[in-house]
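Below you'll find the structure, written out as structure tokens, and then a few comments.
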Amino acid sequence: MLAKLSYSKLLIYVSLLILLMAGIHLLINGTDEDAIRFLISYSAKLSAFFFSIAFSASSISYFFNCNLSRSLLNYRPQLGLTFGVFHTFHLGFLIWLQSAIHPVFTLAKSSSLIGGGMAYVFMYLMMLTTFPSIRSRLKTKTWKALHLVGGYWIWFIFVKTYWRKVSIQNEGLFIFALLIIVLVIRVIYYIKAKSLKSKFE
Ligand code: HEM
């Protein structure tokens with residue numbers, strides 16, 4: 001069923017699901033600062049999860065060749081787009097907090113705004129170039145470079161944010177560990193693939 005779902009429909013369905021979950025949360029908890037910060041936090045947590053799976057799918061399928069890993073690889077575009085939708089809501093909830101209660105953007109360090117802003121630029125370029133009609137206009141080399149540099153830039157912002165949460169608030173260890181495991185299996189996969197390639201050249 002998911003394979004037949006167009007990417008545009010997937011974006012709409014995931015957005016509707018998030019709106020439903022956020023709506024129930026706000027109905028129960030009201031719309032004060034804590035309620036909005038909960039949405040900012042959980043939208044980023046879930047986007048970190050989907051990003052990690054999409055960013056490691058090819059390495060996972062190299063090490064664990066089974067139905068699940070093959071499905072992850074097949075649905076990498078859908079996982080990437082789902083990450084993008086959750087993280088768009090992260091930005092939306094931040095803009096709501098900024099406009100209604102607390103100036104998060106005004107108070108944010110310029111390095112966080114530049115780093116975070118660039119991550120969003122990469123994210124939307126990667127989402128756009130996931131659509132076959134746009135991807136087909138790019139050279140494979142350009143597409144791969146965009147998704148590699150963009151992927152690592154987003155990975156770095158997640159790791160930096162979670163390292164701060166782990167070291168200062170003693171929270172977020174599970175997702176921090178997941179992000180580090182993603183890097184480790186990607187590096188091992190890269191080294192193995194490179195050595196295999198040089199063996200046959
Ligand atoms: C564009 C500028 C951004 C601003 C101003 C911003 C601001 C914030 C704020 C204020 C929080 C704390 C919410 C709370 O717990 O009270 C937060 C949480 C978080 N943000 Fe962002 N953010 C930005 C972009 C990003 C980007 C690009 C990423 C990742 C690529 C990201 C990942 C996270 C994560 C992982 C959390 C913590 C989630 C958790 O509680 O587990 N943010 N952000």
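The values are calculated or read from the model by the stated rules, or taken from the named source; none is laboratory data. Here the structure is a predicted model, which means the values were calculated and not measured. Cβ placement follows ideal geometry from the backbone for every residue including glycine, while neighbour counts extend to all protein chains displayed. Just so you know, the surface numbers come from the protein's heavy atoms only, side chains and all, with ligands and any DNA or RNA stripped out. Shrake-Rupley method; radii C 1.70, N 1.55, O 1.52, S 1.80 Å.
General observations
- Residue that is surrounded by the fewest Cβ atoms within 10 Å (Cβ to Cβ), among those in the range 36-79 that are within 12 Å of the chain's Cα centre (by Cα) and away from the ligand (no atom under 16 Å from the Cβ): Pro77
- Pairs where the first residue, in the range 82-96, is closer than 10 Å to Ser47 by Cβ and of a type in the set (Phe, Trp, Tyr) and the second is part of a helix (DSSP H, G or I) and open to solvent by 40 Å² or more (accessible area, probe 1.4 Å), C-beta under 8 Å, 6+ apart: Phe83/Phe50; Phe86/Leu46; Phe86/Phe50
- Within the range 143-201, if we keep just the residues that are of a type in the set (Phe, Trp, Tyr) and away from the ligand (no atom under 12 Å from the Cβ), the residue that is most open to solvent (accessible area, probe 1.4 Å) turns out to be Phe200.
- Met123 meets all of the listed conditions (1) more than 9 Å from the ligand (Cβ to nearest atom); (2) in contact with a Gly (Cβ under 7 Å, 6 or more places away or on another chain) but one, namely (1).
- The single condition among (1) in a helix (DSSP H, G or I); (2) more than 18 Å from Gly172 (Cβ to Cβ) that Asn65 does not satisfy is (1).
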